[in-house]
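Everything on this sheet refers to the single structure shown next.
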Amino acid sequence: SEDFAALVAPLFEDAPAFIARLTAARPFGGWERCFEAGTALALAMPEDAQLELIDAHPRIGAPPGSVSSLSYVEQGYDRDRATTEAEAERARIAAELERLNRAYESTFGFRYVIFVAGRSRAAIVPLMEAALREERASEKERALRGVVAIARDRAIKIGLMSDHTST
């Protein structure tokens, strides 16, 4: 179980309460079932554990040096070009995301988490703006489902999903 916990911790940004629950819920019989169980566990946990899981993820647009290597690629920092125009646009988007992150966290009490799925940080701005008009409960559920979707995508990208070892 320590091996399993160490394997899945980076997928979920090392959220200890969730990792402990997921580890205790084994065996799953496969990665798809693991992520299905992860969604159910995330939605059923006490709110403090839910918020720990959500807030383990870096803010959208967080400085590149402050995010995990998996998040660095997901947020597109590996694709940025250093032209003057691009740098000015990046600074504008970074300021807008910082403003939206503060507004979102002030409104809901947790971080905005979304499965980026290759979208640029600029494309996330209108999604965050729309999220600010939602209800807290639906945003919390969306964020928790997003955390699991991110973890599932990470598992695929690092080759866990094609591994048929027992979980």
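The values are calculated or read from the model by the stated rules, or taken from the named source; none is laboratory data. This structure is a prediction, so every number in the text was calculated from the model and none was measured. Here Cβ is always computed from backbone atoms with ideal geometry, including for glycine, and neighbour counts include all displayed protein chains. Note: accessible area is taken over every heavy atom of the protein model, side chains too, but ligands, DNA and RNA are not part of it. Shrake-Rupley method; radii C 1.70, N 1.55, O 1.52, S 1.80 Å.
Can you give the FRET efficiency for residue 89 and residue 123, using 1/(1 + (r/R0)^6), R0 = 22 Å, r = Cβ-Cβ distance, to the nearest 0.05?
Between residue 89 and residue 123 the formula returns 0.95.
Taking the Cα centre of each part, how many Å lie between segment 1-62 and segment 85-113?
First find each Cα centre; the distance between them is then 25 Å.
Of the heavy-atom accessible surface of segment 1-43 (probe 1.4 angstrom), what whole percent is carbon and sulfur?
Heavy-atom surface of segment 1-43 belonging to carbon and sulfur, 1.4 Å probe: 55 percent.
Looking at segment 88-159, which GluC sites (Glu not before Pro) are in a loop (DSSP not H, G, I, E or B) and have at most 10 other Cβ atoms within 10 Å?
Those satisfying the criteria are 135.
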